[in-house]
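Engineer: Before we start, here is the structure in question, set down as structure tokens.
All of the numbers you see were taken from the coordinates with simple rules; none came from a lab. Given the structure is predicted, the values throughout are model-derived calculations rather than measurements. Neighbour counts run over all protein chains shown; Cβ positions are idealised from the backbone, glycine included.
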Amino acid sequence: MICLFFDTSLETLKVTLTKDYNIIYDKEINSKNDHSSYLVPFINEAFKKNNIDFKDVDKIIVGIGPGSFTGTRISITVAKTYASSLNIPVIGISSLEQMIYDVNGYDYYVPIIEEKNNNIYYSIYDKNKIRIQDDTYSNNDVLFSKLSEFNGKVAIISNSNKIYEGYDCFNKSINVCEIIKNIYNNNEEKNPHLLKPNYIKKIEVEEKL
């Protein structure tokens with residue numbers, strides 16, 4: 001089983017190719033606003049280095065946001081192109097959900113993507129890593145008011161080194177093999193043309209209208 005994972009929704013671009021739950025290619029760089037220059041070359045490099053043809057891919061797993069409007073659109077466009085042209089099943093995964101699979105042993109998992117002015121994207125998962133709070137755009141005050149009602153150990157996983165007092169905090173680490181094991185049979189495959197970005201937040205132009 002060969003799976004291709006990639007995500008460009010945040011500042012870090014990640015491309016991973018796995019075979020039978022083993023990573024055979026993994027590239028991660030901070031390319032900020034230049035993801036489009038690196039994504040396809042890295043995907044091509046992954047296949048060339050491993051002497052694998054794209055038609056041998058069993059599934060494409062792609063990050064669909066929330067995060068950068070432009071970055072997310074890049075991943076979605078590339079995933080749609082490959083999946084539709086080569087008839088490969090595709091699964092979209094939240095940029096927040098990706099962050100929970102490298103941490104274990106907690107009652108609640110709270111992935112956070114930091115934004116400016118105390119604003120954040122977040123969601124909440126239970127001990128079985130089942131989502132109990134959908135991806136949300138809000139602020140720290142709203143989230144921590146909600147968490148104060150929970151009983152149990154809470155793990156906060158964020159895209160920064162920020163420490164949230166009273167909680168065990170982890171910096172984002174994307175464990176692609178665990179992602180595949182957890183979502184391969186549980187997430188619905190999408191018709192590539194129906195794959196949609198998970199923007200949540202209105203883009204700046206919309207906010208000013």
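Engineer: What number results when the radius of gyration of the chain, computed over Cα atoms, is divided by 2.2 N^0.38 Å?
Structural biologist: 1.02
Engineer: Let me ask something else. Run through the DSSP bridge list for segment 103-171 and note the antiparallel percent, rounded to the nearest 5.
Structural biologist: Expressed as a percentage, antiparallel bridges in segment 103-171 total about 55.
Engineer: How large are Rg and Dmax for segment 103-171 when only the alpha carbon atoms are used, in Å?
Structural biologist: Cα-based Rg and Dmax for segment 103-171 come out at 11.0, 32 Å.
Engineer: Please compute the alpha carbon radius of gyration of segment 1-114, then divide it by the globular-protein estimate 2.2 N^0.38 Å. Two decimals is fine.
Structural biologist: 1.05
Engineer: Taking the simple approach of a point 7 Å from Cα along Cα-to-Cβ for both Val142 and Ile200, what is their distance in nm?
Structural biologist: 0.9
Engineer: Antiparallel versus total DSSP beta bridges in the chain: what percent is that, nearest 5?
Structural biologist: 60
Engineer: So, one more: Taking the mean number of other Cβ atoms within 10 Å as a proxy for protection, how do you rank 56-64, 36-44 from highest to lowest?
Structural biologist: The packing order, highest mean first, is 56-64, 36-44.
Engineer: Any chance you could run the full-extension gain for Tyr167 through Lys55? It's 0.36 nm times the residue separation minus the Cα-Cα distance, nm to one decimal.
Structural biologist: In short, 35.8 nm is gained.
Engineer: Go through 162-168, 135-141 and give me the packing order, highest mean Cβ count within 10 Å leading.
Structural biologist: Packing proxy ranking, top to bottom: 135-141, 162-168.
Engineer: Cα-based count: Lys pairs in segment 1-98 below 20 Å, eight or more positions apart or different chains?
Structural biologist: Counting lysine pairs in segment 1-98 gives 18.
Engineer: Quote the charge dipole size of segment 103-171 about the Cα centre in Debye, to the nearest 20; the model charges only the Cβ of Lys and Arg (+1) and of Asp and Glu (-1).
Structural biologist: That gives segment 103-171 a dipole magnitude of about 140 debye.
Engineer: Now for a different question. Pop a pseudo-label 7 angstrom from the Cα along the beta-carbon direction at both Asn182 and Ile130 and give the gap in nm to one decimal.
Structural biologist: Reported label-point gap for Asn182 and Ile130 is 1.5 nm.
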